[in-house]
1. Would you check if residue 350 is in a loop (DSSP other than H, G, I, E, B) and under 20 Å from the mean Cα position of the chain (by Cα)?
2. Name the single residue, out of those in region 534-560 being farther than 17 Å from residue 482 by Cα and in a helix (DSSP H, G or I), that is nearest to the ligand (Cβ to nearest atom).
3. Within region 479-512, which residues are over 28 Å from residue 439 (Cβ atoms) and crowded, with 18+ Cβ neighbours inside 10 Å?
4. Residue by residue through region 153-178, note down the ones that are on the phi > 0 side of the Ramachandran plot and assigned by TED's automatic domain parsing to the domain that holds residue 132.
5. Among the candidates 552, 484, which residue alone is touching a strand residue (DSSP E or B) at 6+ places or on another chain (Cβ under 7 Å) and either at pLDDT 95 or above or not assigned by TED's automatic domain parsing to the domain that holds residue 217 (or both)?
6. Residue check: is residue 493 within 15 Å of the ligand (Cβ to nearest atom), under 23 Å from the mean Cα position of the chain (by Cα), under 28 Å from residue 475 (Cα atoms) and not assigned by TED's automatic domain parsing to the domain that holds residue 338?
7. One residue is enough: does region 510-523 have a residue meeting the conditions in a loop (DSSP other than H, G, I, E, B), within 16 Å of the ligand (Cβ to nearest atom) and touching a residue at least 40 places away in the same chain (Cβ under 8 Å)?
Ligand code: SF4
């Protein structure tokens, strides 16, 4: 068996023993050794000359880094609500039964472990699972049986049928972006023709707003970064980051853009770099999209060969720019831009205190632009069409088009690109959602719309969204979504601030208590109180929006809760007397005074 040094040394060398690459080093080491044993963590800390506590902190922060042994085959079922609606729970139970396993426990022979993970971004073709980081969509009982057979025979993934891993784009409606032809280099050359200030001018005219959800004006962000003052310590270096950590439950548009429109994504990054004078770029790819890494690397290599990346791009001497891909490791919070930057620097992905903002103090203190995948694709449109033409589409405050990831109870799940301003009703008709009772827009952190609101429009000035659009039919119980979201946020809270760390855990406990039939009016009121605490006192958007859907459902669909609440004011969630049984046993007591509520 290869020594630790033989395995880890080449990885350390490839990352130049740079502690800011710690997450990448740990991830790659784990790929080679299956898990991060104590001696592996110590070795890496020693070789990078960093405290062991830093290695431990990073290992423990990311859900897909393991400090305990795992199975050779690591199966993770997507636990998003749409996967559950499509039958993922029964399929996982079926697999556990076939493999004679308990959830989260490695088989005695070390062959396999089965567990759940948050949304895998395959909601249009769920239920889905990840096996050793590879996505397997469109699961059926038969496919699960076949996978069990392959696992039990120890067949390496390379020998599994290739069609298991096929991920479809499912583009159902294409418009300005998804429907337009694109020649490699077209956008970069258009930007060069405009010059950096010309690019910024067109971006201003276009009024392009960020597609990650917040809707900040892209030109303002780029200008602020370009104009960030030089610092003695950091010099003039600027950085462009593409946020491809698409983790919002129900969202999968970036998956398609990265799979089939990657030249747009990378050219968008190059245009941003040209406008702000950056030489360095990162694409932060969520770990669940590991299967996209090789094709994206190949695309980057093509672009370097074609002089669309590297030194003197397209013959412009002063235009040097290149891109590195960093993989995440299962932390939803890294979609928040400052958490993402922390992660890029090899740390746990905890949101920073702002100000200062990344445009002046971002990656390693350098002025940094962080843009969503879709925003960068839209930037290529702006330089090709011109800002004024672009602004002629959509609405006044929300120009251009928006790509929606549609899943749930509809006949045609997939990607739909619409001009901003489209009504929910129109979208539901197009995707074949004939009996929709509710739509959860913008993921677990978004808004739950009732039928009365289906006349509203997708736009920053009405229903703003990062793209997730989950449909719930008339027969669904929205409490399942409430419970799923509550556990999602409890799991994904980074733990930095108390309102979110404790609040999300309390919400999950209370929702469970209601689900188990012990919820009374007290619990309902307590959820409303926690919603206010989380919303007003959490440090970042995760905590602030963790109970948005819950709050919406409590008010728009009161029956979802009312039919579950018992008529008492309060009931304990557990049997206190029964829980003292062990203490009675140890004390050798069985007399009546050793029991609660029994008169001596
Ligand atoms: Fe972390 Fe939650 Fe606080 Fe955000 S709100 S910093 S996710 S604990």
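1. Working: in a loop (DSSP other than H, G, I, E, B): yes; under 20 Å from the mean Cα position of the chain (by Cα): yes.
Yes; evaluated as a whole, the condition is true for this residue.
2. We begin by selecting, within region 534-560, every residue farther than 17 Å from residue 482 by Cα; these are 536-541.
Remaining after also requiring in a helix (DSSP H, G or I): 536-537, 541.
Details: 536: 12, 537: 9, 541: 7 Å.
So, considering only residues that are farther than 17 Å from residue 482 by Cα and in a helix (DSSP H, G or I), the one nearest to the ligand (Cβ to nearest atom) is 541.
3. The answer is 494, 496, 497, 499.
4. Looking only at region 153-178, we keep the residues that are on the phi > 0 side of the Ramachandran plot, and these are 154, 170.
The answer is 154, and nothing else.
5. 552
6. Details: within 15 Å of the ligand (Cβ to nearest atom): yes; under 23 Å from the mean Cα position of the chain (by Cα): yes; under 28 Å from residue 475 (Cα atoms): no; not assigned by TED's automatic domain parsing to the domain that holds residue 338: yes.
Considered against the rule, which asks whether it is within 15 Å of the ligand (Cβ to nearest atom), under 23 Å from the mean Cα position of the chain (by Cα), under 28 Å from residue 475 (Cα atoms) and not assigned by TED's automatic domain parsing to the domain that holds residue 338, residue 493 comes out as no.
7. Taking region 510-523 as the starting set, the residues that turn out to be in a loop (DSSP other than H, G, I, E, B) are 516-520.
From the residues that got through so far, the ones that are within 16 Å of the ligand (Cβ to nearest atom) too are none.
No.
Each row is one residue, and each column tells you yes or no for (1) within 20 Å of the chain's Cα centre (by Cα); (2) closer than 29 Å to residue 311 by Cβ.
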| position | (1), (2) |
| --- | --- |
| 164 | no, no |
| 170 | yes, no |
| 197 | no, yes |
| 200 | no, yes |
| 208 | no, yes |
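The values are calculated or read from the model by the stated rules, or taken from the named source; none is laboratory data. If you're wondering where the values come from, they're calculated on a predicted model, not measured in any experiment. In this analysis, Cβ positions are derived from the backbone assuming ideal geometry, glycine residues included, and neighbour counts consider all displayed protein chains.
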